Structures are given as C-alpha cells and as structure tokens.
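Following: one structure in structure tokens, then a few remarks.
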Amino acid sequence: MDLEGLHTHLDGIKSLLSHLHCELSSLERGLEEALHRFKALEARAARDDLTGLFRRETFAREAERLRQKSAAESRGFSILMVDIDQFKLLNDRLGHLAGDQTLIRVSEILKRFESPDCVVGRFGGEEFIVAFSGSAAQATALAEWMRRAVENMNSDAIRVTVSVG
C-alpha cells in the first residue's frame, strides 16, 4: 500500500472513530437521563403519596439501619405505633376529604420529629410508625410530645387525638 492509500485509510478510520465517539456520547447522555429518571421514581416510590411519609417497605429498611446504628452505639431503640383515634367515625361523619386532610395534618406534625435518630412512616390507613434511637424514657417522652402536638392542632370543626404505644 502506498503512502497516499495509507492516509486515505487512516482518514476513514479517523472518521469512523469520530462517529463512534459521537454515538457513545449520545448513549452516555441517554443513560444519565435514564438514571436520573430512575432515581426520581425510586424517591417517589419510597414515600406515601398522600402524607409524604415513608411507605412501609422503605420505613422497614430505614428502621433497620437505625436499629443497627443504635446497637453499634449501645443506645436503646424503640418502635412507636401512632393511631388516630376514632378515625372511621371522622371519615363517616365528615367525609373522606376531611379524613385525608386529617391524615395530612397529622403526618405534618410527625414529620417535625424526623431526625437522624427518628424515622417516621405510614403503616396503613390511619396508622403511623416511628423508629427511634434513644432510651426508653426518651421514647416515652417523644410519644407524649407527638400526642400533645396532634391534640394542639385541633380546630373548632375537627377534634383529633392519637394513641401512641
């Protein structure tokens, strides 16, 4: 092969490599976009649509992480169940929209307690679940603070209380 033929051949290879580089860049952008969308969907799937609290499965993973951390630090670990009292009666008397608004308001109060040592989730219906790293006395105090915070949110139209155990 002569020198001119070699240059022509090299130019063809350079052109092919340039084309491949563009294709790879395009694929890379597509993969980044797909990963971004997947992470957004994953984050959305982790949270309850109505309350914004962790769904049960995500809560279980986060609570286990917190339990392991508590054990490693020789700290106590508690699970608190929070139940809206007489929720069915509220739904029946005032309607599901009022029930949904009550769930949202209670969840907003519970979210205030979220921290590296406290994870909150929606267990189902009008039940919430809290994982807490700390002593039993601290968990009892936390339960009382939550109960009082919900009680203090009451308006003239709707009276809401919760039981925590």
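Could you give the distance between the Cα centres of the range 9-87 and the range 136-163, to the whole Å?
Distance between centres, Cα-based: 33 Å.
Quick check for me: using +1 on Lys/Arg Cβ and -1 on Asp/Glu Cβ, what's the dipole size of the range 40-89 about its Cα centre, in debye to the nearest 20?
Roughly 140 debye, rounded to the nearest 20.
Taking a cut-off of 18 Å between Cα atoms, list the aspartates and glutamates near LYS39, but don't count ones fewer than 8 places away on the same chain.
GLU28, ASP48, ASP49, GLU57, GLU62
Which distance in nm do the two modelled labels at HIS9 and SER115 give, with both placed 7 Å along the Cα-to-Cβ direction?
The two pseudo-label positions are separated by 7.3 nm.
Identify the GluC sites (Glu not before Pro) of the range 1-96 meeting these criteria: DSSP loop state and at most 15 other C-beta atoms within 10 Å of the C-beta.
Taking the range 1-96 and a limit of 15 other Cβ atoms within 10 Å, the loop GluC sites (Glu not before Pro) found are GLU73.
In the chain, if the dipole is taken from +1 on Lys/Arg beta carbons and -1 on Asp/Glu beta carbons about the Cα centre, which of ALA141, VAL119, ALA98 is farthest to the positive end?
ALA141
Which ³J(HN,Hα) values in Hz, rounded to whole numbers, follow from the phi angles of the range 21-32 under the Karplus curve 6.51 cos²θ - 1.76 cosθ + 1.60, where θ = phi - 60° and Gly and Pro get x?
Once rounded to whole Hz, the list reads 4, 4, 5, 5, 4, 5, 5, 4, 4, x, 5, 4.
Please enumerate, by chain and number, the aspartates and glutamates with C-alpha under 14 Å from the C-alpha of LYS69, excluding those fewer than 8 residues away in the same chain.
ASP117
Taking Rh as the Kirkwood radius, which is the inverse of the mean 1/r over Cα pairs, what is the Rg/Rh value for the range 3-122?
1.39
Might you work out the accessible area of LYS88 for me, using a 1.4 Å probe with all protein chains in place, and round it to the nearest 10 Å²?
Solvent-accessible area, nearest 10 Å²: 140 Å².
What is the sum of charges, Lys and Arg at +1 and Asp and Glu at -1, for the other residues whose Cβ falls under 13 Å from the Cβ of LEU31?
-1
Among residues other than GLU126 whose Cβ falls under 10 Å from its Cβ, what is the net charge (Lys/Arg +1, Asp/Glu -1)?
Net of charged neighbours comes to -1.
Between ASP92 and ARG147, how high is the FRET efficiency from 1/(1 + (r/R0)^6) when r is the Cβ-Cβ distance and R₀ = 25 Å? Nearest 0.05.
That pair, ASP92 with ARG147, gives E of 0.60.
Could you tell me whether the range 29-81 comes out rounded, prolate or oblate from its Cα gyration tensor? Rule is a ≥ b ≥ c as square roots of the eigenvalues, rounded for a/c under 1.5, then prolate if a/b exceeds b/c, otherwise oblate. Write out the running numbers ahead of the final one.
Values: a/c = 5.23, a/b = 1.88, b/c = 2.79.
Because a/c hits 1.5 or more and a/b fails to exceed b/c, the range 29-81 counts as oblate.
The values are calculated or read from the model by the stated rules, or taken from the named source; none is laboratory data. Being a predicted model, the structure only gives us computed values, none of them experimental. Don't worry about glycine lacking a Cβ; one is built from the backbone with ideal geometry, like all the others, and counts go over all protein chains shown. Ligands, DNA and RNA are excluded from the accessible area calculation, which covers all protein heavy atoms including side chains. Shrake-Rupley method; radii C 1.70, N 1.55, O 1.52, S 1.80 Å.
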